[in-house]
Amino acid sequence: MATQLQIARTGTITDEVKFVAEAENVDAALIRDELAAGRLVIPANKLHLKANPSTSLRTGLRPAGIGRVLTTKVNANIGTSTVRCSVEGEIEKMKAALSAGTDTIMDLSTGGDLDQIRETLLAQCLVPFGTVPIYEAIKDRNVEDIDNKIILEIIEKQAEQGVDFFTIHAGVLREHLPLLENRVAGIVSRGGALLAKWMLYHNKQNPLYEMFDDLCSILAEYDICFSLGDGLRPGAIADATDDAQIAELKTIGELTARAQEKGCQVMVEGPGHVPFDQIQYNMEIQQQICHGAPFYVLGPLVTDIAAGYDHITSAIGGTAAAFYGASFLCYVTPREHLGLPDADDVRAGVIATKIAAHAADVARGLKGTAERDRRLSIARTNLDWKTHLAESLDPQTAEKMHRQACKEIGIEELPSTDYCSMCGRQWCSLRINREIKNSVQRIADSG
Ligand code: SF4
């Protein structure tokens, strides 16, 4: 019952590695070697991989790889809160995220029947599925009342349900807390804040840190990937790259090595709110401290003042992060900091983050990524609307806008126009270009 990491270390190429290699058109031996080195993960709980004949919906996981030799991946967070809680609503959000092309889903539910929500979502989720188990430990309890037994039972149960990766905030230590004194935004991670409260109340070390070897045993048994959570991530650009963030990162680096030693796959979570000029340093120091383990960043948001548009601030930071070292971008929706997202927000967040990821992949010259841009550009130049729309990251929105434009110029049937409402026919440079090209060709043919 070895993990993907342990099998890769023996030189074997698993079916999961082959699946990822084919999906990304990358050599399977390279993926195996990166996996063995801890620089790539394939989060795939053994139980989620299995087909489950008891339900027609659950057909087994489609494994995805996360690492620098592959395309940058995108995660969508969904989940209930204590204020808004509906299983149907979460299914709708998950479907919106999947149809927009998210690579993974995280269920961050804190309201309602968490088991029912998780099991319902997992049964319909063919992509890697993550959770933050400490949320369930705290639900319906005062944080002071949780203990090691409660935490381990919940982690075991969620492992048995088929979760593929767990956010574990084991790197927040009691001795890090005084470093927060001068912060503008304190601790913004829910898990980090609750664990800090527990440590101060009991005057004890973080239980996730204390139990880390036990956690490794459970995660290795199911081959669940650690996502070592950044409980002290900056929640304001003024707090970025401060002593608390770096102190926690150093502990996470030690935990990464310990978990990998025990055969567990590990990725590391990162900031947060980071000014654009500090992103490169943040990516490089994580890669250095955490031995090249894949970096999973939340944004980062490059300014704090764009409430209502934080999918844009995070996409700007996301491109820089993925260019300089991150492998995995957690989306941010327009409703970040303002309320629980709905399905439309989820869709907008996934698309913005996919743009960020793709832009970085093109800039770092990842094989084949710029080909789609080239195909679309050729189609756009040829006024080939069908290909133009189909190659877009969000064909649904592109087609809707094009239809509206066609109506404005009196064309009902698509795709047939040789201009659009933006410039009008007389000013359409693409149409004029085509005329120039045809004239040049005629001259060449006659001469
Ligand atoms: S009218 Fe302007 S925007 Fe529209 S296709 Fe022509 S050049 Fe492009």
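General observations
- Positive-pole candidate from Tyr222, Thr104, Ala23, dipole of the chain, charges at beta carbon: Ala23
- Computed from backbone phi, the HN-Hα couplings of region 108-118 come to 9, 4, 10, x, x, 7, 4, 5, 5, 4, 4 Hz, rounded to whole numbers (Karplus: 6.51 cos²θ - 1.76 cosθ + 1.60, θ = phi - 60°; Gly and Pro given as x).
- Angle in degrees between helix 310-324 and the longest Cα principal axis of the chain, rounded to the nearest 10: 80
- Cα-based shape type of region 354-447, given that a ≥ b ≥ c are square roots of the gyration tensor eigenvalues and the cut on a/c is 1.5: oblate
- For Ile168, residues with placed amide H under 5 Å, excluding near neighbours: Ser227, Leu228, Gly229
- Sites Glu412 and Leu108 - FRET efficiency at Förster radius 51 Å, r taken between beta-carbons, to 0.05: 0.70
- Seen from Ile224, the other residues with C-beta closer than 10 Å to its C-beta sum to a net charge of -2, counting Lys and Arg as +1 and Asp and Glu as -1.
- When Tyr281, Tyr296 are compared by accessible surface with a 1.4 Å probe, the order from highest to lowest is Tyr281, Tyr296.
- Each of Arg141 and Asn382 was given a label point 7 Å from its Cα along the Cα-to-Cβ line. The distance between the two points is 6.2 nm.
- Per-residue Karplus couplings for region 215-228, computed as 6.51 cos²θ - 1.76 cosθ + 1.60 with θ equal to phi - 60°, are listed in order as 5, 4, 4, 5, 5, 5, 4, 9, 6, 8, 8, 5, 10, 5 Hz, Gly and Pro entered as x.
- The alpha-carbon of Lys386 sits under 22 angstrom from the alpha-carbons of these lysines, leaving out residues fewer than 8 places away in its chain: Lys354, Lys400, Lys407, Lys437.
- For region 188-259, the share of accessible area belonging to carbon and sulfur comes to 49 percent (1.4 Å probe, ligands and nucleic acids excluded).
- Top of Gln287, Gln278, Gln245 by mean-square fluctuation, Gaussian network on the chain, Cα under 10 Å: Gln278
- Dimensions of the chain from C-alpha coordinates, computed as largest minus smallest value along each principal axis and given longest first, are 87, 49, 44 Å.
- The chain: angle of helix 369-381 to the longest principal axis, Cα-based, in degrees nearest 10: 30
- Site pair Asn433 and Ala123 shows an inter-label distance of 5.2 nm when each label is modelled 7 Å from Cα along Cα→Cβ.
- Lysines with Cα under 17 Å of Lys18, excluding same-chain neighbours fewer than 8 positions away: Lys46, Lys50
- 5 angstrom amide H check on Cys423, placed H, neighbours 5+ away: none
- Heavy-atom accessible surface of region 331-383: percent carbon and sulfur, 1.4 Å: 52
- Alpha carbon centroid spacing (whole Å) that separates region 110-168 from region 255-301: 23
- Between region 1-46 and region 336-388, the alpha-carbon center distance in angstrom: 27
- Our compactness index for region 100-166, the C-alpha radius of gyration over the empirical 2.2 N^0.38 Å, is 1.13.
- Column: log10 I(q)/I(0), Debye, Cα scatterers of region 1-130, q = 0.13 Å⁻¹: -0.59
- Crossing angle, helix 395-408 versus the chain [Cα axis fit, 0-90 degrees, rounded to tens]: 40
- Amide H contacts under 5 Å for Leu298, placed H, 5+ residues apart: Gly270, Gly272, Cys330
- With all protein chains modelled, accessible area of Lys157 [1.4 Å, Å²]: 70
- For region 83-100, the Karplus equation 6.51 cos²θ - 1.76 cosθ + 1.60, evaluated at θ = phi - 60°, returns couplings of 8, 10, 8, 8, 4, 4, x, 6, 4, 4, 5, 5, 5, 5, 5, 5, 5, 7 Hz by residue, with Gly and Pro reported as x.
- Accessible heavy-atom area order of Val26, Val83, Val172, highest first, probe of 1.4 Å: Val83, Val26, Val172
- Residue-normalised accessible area of region 142-269, expressed per residue, 1.4 Å probe, Å²: 37
The values are calculated or read from the model by the stated rules, or taken from the named source; none is laboratory data. Remember, it's a predicted structure, so these values are computed and weren't measured experimentally. Counting neighbours? That spans all protein chains shown, and the Cβs are built from the backbone with ideal geometry, glycine included. For the accessible areas, the whole protein counts, side chains as well, though only heavy atoms, and no ligand, DNA or RNA atoms are used. Shrake-Rupley method; radii C 1.70, N 1.55, O 1.52, S 1.80 Å.
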